Structures are given as structure tokens and as C-alpha cells.
1. Could you count how many residues in the range B:140-193 are over 27 Å from residue B:50 (Cα atoms), surrounded by fewer than 15 Cβ atoms within 10 Å (Cβ to Cβ) and of a type in the set (A, V, I, L, M)?
2. Filter the range B:80-131 for residues that are among the charged types (D, E, K, R), away from chain A (no Cβ under 14 Å), surrounded by fewer than 23 Cβ atoms within 10 Å (Cβ to Cβ) and touching a residue at least 12 places away in the same chain (Cβ under 8 Å) and give the result.
3. Which count do you get for residues in the range B:11-24 that are surrounded by fewer than 16 Cβ atoms within 10 Å (Cβ to Cβ) and either within 10 Å of chain A (Cβ to nearest Cβ) or modelled with pLDDT under 95 (or both)?
4. Run down A:65, A:111, A:138, A:81 and say which single residue is within 14 Å of chain B (Cβ to nearest Cβ) and crowded, with 21+ Cβ neighbours inside 10 Å.
5. Restricting to the range A:79-92, count the residues that are outside any helix (DSSP H, G or I) and farther than 20 Å from residue A:155 by Cβ.
6. Which members of the range B:28-57 meet the condition of being of a type in the set (D, E, K, R) and surrounded by 23 or more Cβ atoms within 10 Å (Cβ to Cβ)?
7. How many of the residues in the range B:25-44 are touching a residue at least 40 places away in the same chain (Cβ under 8 Å), within 14 Å of residue B:5 (Cα to Cα) and more than 9 Å from chain A (Cβ to nearest Cβ)?
8. Out of A:71, A:59, which single residue is in contact with a His (Cβ under 9 Å, 6 or more places away or on another chain), within 11 Å of chain B (Cβ to nearest Cβ) and crowded, with 19+ Cβ neighbours inside 10 Å?
Amino acid sequence: VTPRAEAPSAVRLEVNGQARELTVTPDRLLIDVLRDELGLTGTKEGCSIGVCGLCSVLVDGTLMTACLLPVGKLEGHAVTTIEGITGPDGALSPLQAAFVRHGGLQCGICTPGQVVAATALLAEVPQPDESQVRDWMTGNLCRCTGYYGIVEAVLAASGATPGELDMRPPLDERPLDPGGHDRSAHADAGHA
Amino acid sequence: VTAPAWHRPASVDEAIALLSELGEDGSVVAGATAHTLLRKQGLVSPSAIVDLGAIDGLDGIVLTPDGGLAIGALATLRAVETSPIVRERAPMLAHAVGRVATVRIRNQATLGGNLAHADPAQDPPVILLALDAQVDVAGPDGRRRLPLEDFFVDVFETVLGPAELLTSIVVPPVPATSLVGYEKFLPRTADDYATVSVAARLDVEPDGAVRDARVALGSVASVPMRAAEAEALLRGSSRRDLPIDAVVEAVTAAVDPVDDVRGSAAYKREMAGLWTARLLRRLAAAPPVAA
């Protein structure tokens, strides 16, 4: 057997619709190739062990983990990152717009991964119920929001409306609340 | 650090030939989830990686002539979880495989990789032991089929030789009158490894007699294990009066857990008995099975 890949070799794949031929060692992880070789820094690295979901990407439309994916496995496959979900003119996808409108983010570091994961969910289950959203999004940790806004954003993007489900109105339709984050009031209103 | 050579054989035979030449230097990846974690931790540092991802036709899930299932080693955990025939023929297999980590991981990890990884804290081996699964192995000396129970040797270690591949997982037909269940005790987070997991199968006669039984446990020994003495106690009993106290005693004596972040050995030992009892009570209380 001739060791043929110890030096960088060509890996051909598609990234956000564009054919790429990368000269990298095939064991390089997709997260590093995206950020360091392609300048696609929307995909974040958090835990580096497949738990946190910050590096969520789509491979042939399927949700995967860029920090656990050697790029050699992707020969001939198509990768979509958060940059490929946003339109080329920077227009937000309806799901991204729902994250903004429903306050599905705070510090923002987990947001690209949340959006990629939820994009995959809505492609597979266009109208999920709340438990399906929560179950699917288990793999995307957020340390700011408490998940309320994230779940509401995904439900809103699927066409669900407040009143139909356990959802608050979007931020721009909420009365100003000097008391701030009163979850008990929300729970009472939602499940009276 | 030199990057490993990366090989993408197009067939099982080509992979076996490559691995035969590489010997101990070769390392096999399928979905590459667990393997990448082991590399990051420095637990493996192969000079050559044999990536099975370019082999076609090793991810099928089909019915066998006797009504069982044959699952290609490269079927993803997600494919097993969502397969209509797995859900119909072995719903608890679909359920237990669906308890692994998160959908993002299950989309990438494969059933064959999961078994060959031989992590005693994984979910699939436990339910597969309770279902009497067998594995097909291909190597330089030909092919063989062995019970999954004989496949695991130690933590991260199986009977596979350096040039052997697990190619298929065979699940015999589950009798319509069998009660099958899986419990995964997760005191921390929903995507965690089990602190303790248990699968049980009771093959029940119309009069309630337990003709045969399986009790398998995960995270409580160096390998996914069957509790033979507990099974013997259940065999010949009645679902209306299962010898649960004696089974708990037998399970507690059989397990050999270690202290880790998921609990002390003593705690896991107690939880192994407790979750076995809970599972058996739930199975016993299930609606009567149609003959």
C-alpha cells in the first residue's frame, strides 16, 4: 500500500452551492477547513466533542457535526453552512427572520448552529409541534435564552401562530413590560 | 504530527485487502464520530485510515426470509430509528437507537460503527443483546456469523481481527407474543450516555407463562452484558407474578460498574437493579399480548 495522503491532496466537494477543490489533508476536520481555509466563520466551534451544536452544518441536506467530520469523508458531497442559508444578498431566511422577531438569541454564539439545525428540522417536518422542536433541538445548547425564544421562533417559522400553541407574540407585538422577564405571567397566560 | 493516509476503498473486499497490508497501522472509520473523538483524545493515532464511506450497498435494511431484519453495517443510527420495517418488526430497536445522543450525531454515526466501537455505555448493543442479534464479519479468511454476545471483549475491544469488518447485523424475528422494553437512566442531560441502561424481553405464552427471557444491561461492566442468572429466574415464571426481588438481587450481583462522573459504582449497581425492576413491572403491566 502506497501511503498517498500523508501530504495534502485534493478533496472535491460543494460548499454553499459552489464547487471547491481543496488541497488539505483528508483528516482535517470540516470545522477547521470551513473557518481557516474558506473563511466561512459563521460556523462556530464550541465544545469540539459533538455535544454543543455550535458547528451544525448540512451535508447533502442532512444535519451533521463539523467538529467530528474529517473532510476526506466529504469527497463528492455538498455542504451547506449558515452562510448558504442566508441569501446571497444577505437577506435573512424566513426562519432567521423569526429568530430575530421572537428573540431567539441573545449573545449569538449558538445562533448559526440553532438556525442550521432548525432549517434541517423544518425540511423534514414542515409543521412540527412544540415537543418535536424541543426534541430535535436537544443537540443545540444555548446558555442565554432559556430556549423559549428559540422554540417560538421555530414554531413561528413553521406557520404556527400565538394562541394556537404555547407561544408569546413576537417582540414587536408585545406590550412594553417594565417588569422584564416574568415567566410566570407567560405561563399563566399560555395555560390558563 | 503526520496526517494519516486516507483510503476510500470501493468494496468490502478492497477494504479487507487494504487492512491486510496495513496490519495494526490501519484504522477503520464508518461515520467517524466516535473515531474522531478518540483521535482528539489521543487514544488512537493511526498512520492510515480506511474510510468505509465510499462502499455502496452496505447500508441497506431488509427483511430476512424468516421475518427478521438484516441491517447493513453502514446504515446510520437515524436510518435504523426511522426505518418503517424496523419500527414494524422491532419497534424497541428503533426506540433504543433513537436514544443515542442527538439527531445530529445519529445522522452520521452508523450501527456497525457503534457496535465495532465497543463502548459499553452505548444504547444499541443493549437492545440488540435482548433481541438475540447476530453479526456478520468478513475478513481475509472468509465470512462468519456470530452472536453479538460473543462479539465484545473489553472496553473498545471486539473479536474483530485487524483486517476484519463487521458487515451486517441480523435480528431474528421477534415473536408477536414477546414483551420487549428498554430503559435508559439519564440523571444529567437528554443527550448523555446512560448512567445505567437495561433492555428486557419476555416471551410470554397465552396463559402468561414466561417461556424465555432476556435481560441485558449497559454502562455497568466492561462490555454490554446479559444477566444470565436473572434470565434463568424469569424463565418459567408467570408475567402475573414475576420474581422481581430475586431478579434484582441477581442483577445487582452480576454487574461490575466503575466510578465515574455519571455515578459511583455502588450507585450504578443499585440503579441497575432498580431500573430492571421498573422495566419488568412495566412489561408485566402491558396489555395482554395477542396469541
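1. 2
2. At the first step, the residues of the range B:80-131 found to be among the charged types (D, E, K, R) are B:81, B:87-89, B:99, B:104, B:106, B:119, B:123.
Of the ones still in play, those that are also away from chain A (no Cβ under 14 Å) are B:87-89, B:123.
Now restrict to residues that are surrounded by fewer than 23 Cβ atoms within 10 Å (Cβ to Cβ): B:87-89.
B:89 - this is the single residue of the range B:80-131 that is among the charged types (D, E, K, R), away from chain A (no Cβ under 14 Å), surrounded by fewer than 23 Cβ atoms within 10 Å (Cβ to Cβ) and touching a residue at least 12 places away in the same chain (Cβ under 8 Å).
3. Initial filter on the range B:11-24 (surrounded by fewer than 16 Cβ atoms within 10 Å (Cβ to Cβ)): B:11, B:13-14, B:17, B:21, B:23-24.
If we keep only those that are either within 10 Å of chain A (Cβ to nearest Cβ) or modelled with pLDDT under 95 (or both) as well, we get B:17, B:21, B:23-24.
Looking only at that region, the number is 4.
4. On the way: A:111 fails: within 14 Å of chain B (Cβ to nearest Cβ); A:138 fails: crowded, with 21+ Cβ neighbours inside 10 Å; A:81 fails: within 14 Å of chain B (Cβ to nearest Cβ).
When all the criteria are applied, what remains is A:65.
5. As a first pass, look at the range A:79-92 and keep what is outside any helix (DSSP H, G or I): A:79-81, A:86-92.
Now drop any that are not farther than 20 Å from residue A:155 by Cβ, which leaves A:79-81, A:86-91.
Residues in the range A:79-92 being outside any helix (DSSP H, G or I) and farther than 20 Å from residue A:155 by Cβ: 9 in total.
6. As a first pass, look at the range B:28-57 and keep what is of a type in the set (D, E, K, R): B:39-40, B:51, B:56.
Matches in the range B:28-57: B:51 only.
7. 1
8. On the way: A:71 fails: in contact with a His (Cβ under 9 Å, 6 or more places away or on another chain).
The unique qualifying residue is A:59.
The values are calculated or read from the model by the stated rules, or taken from the named source; none is laboratory data. The structure displayed is predicted, hence computed values, not measured ones. Methodologically, a virtual Cβ is constructed for each residue, glycine included, from the backbone with ideal geometry; neighbour enumeration extends over all protein chains shown.
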